[in-house]
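The values are calculated or read from the model by the stated rules, or taken from the named source; none is laboratory data. Remember, it's a predicted structure, so these values are computed and weren't measured experimentally. As a convention, Cβ positions derive from the backbone with ideal geometry for all residues, glycine included, and neighbour counts pool all protein chains shown.
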């Protein structure tokens, strides 16, 4: 299948996730279950931000898959057999078209979007980070605010942390966006995302 034809017909995966599902997801991560660890990361190696993001997760044990702007080939190539053997979650930092393609390819085998971040500097001289995902996105916001690392590394660290209990409050609860400086080769818009398998305990629709 040609990538252009695939993207033309691909439906954008829904971003909204019920709060009750996220509460269960947080509990699962907190118990350190292997199936809840990020085992694969898809990234666009053309951009330094994506490489920083992937490097953090690779150091934590995830296998990195370069997309080169063609995530369809990644999913229909080495990624799906790898996930069939190892399970876990799939994180990504790619162009928006590759996010869309990854969500659509993942949906074919039971994966669904549980977090999405936009990292946009198209209308500003600052990079604007907007995140969606109920519980996990709070950890990413907290990392963006507190980690003294480049923003892609902070996003990766936030995604790989067990979410804090609901009783713990911090500024990230009220945030709608965070800004940071942009790297020289930022393409204008990048997406970070996290896919979870439908069979993950307590995450069925």
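Listing for the model above:
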item: Total residues in the range 37-51, condition closer than 14 Å to residue 96 by Cβ and without any contact (Cβ under 8 Å) to a residue 40 or more places away in the chain; result: 0
item: Filter result (in contact with a helix residue (DSSP H, G or I) (Cβ under 8 Å, 6 or more places away or on another chain) and either under 21 Å from residue 189 (Cβ atoms) or surrounded by fewer than 20 Cβ atoms within 10 Å (Cβ to Cβ) (or both)) within the range 81-98; result: 87, 90, 91, 92, 93, 94, 97, 98
item: Residue count, the range 55-76 (criterion: surrounded by fewer than 21 Cβ atoms within 10 Å (Cβ to Cβ) and closer than 16 Å to residue 107 by Cα); result: 2
item: The range 34-47 - residue that is in contact with a helix residue (DSSP H, G or I) (Cβ under 8 Å, 6 or more places away or on another chain) and modelled with pLDDT of 95 or more and, of those, surrounded by the fewest Cβ atoms within 10 Å (Cβ to Cβ); result: 45
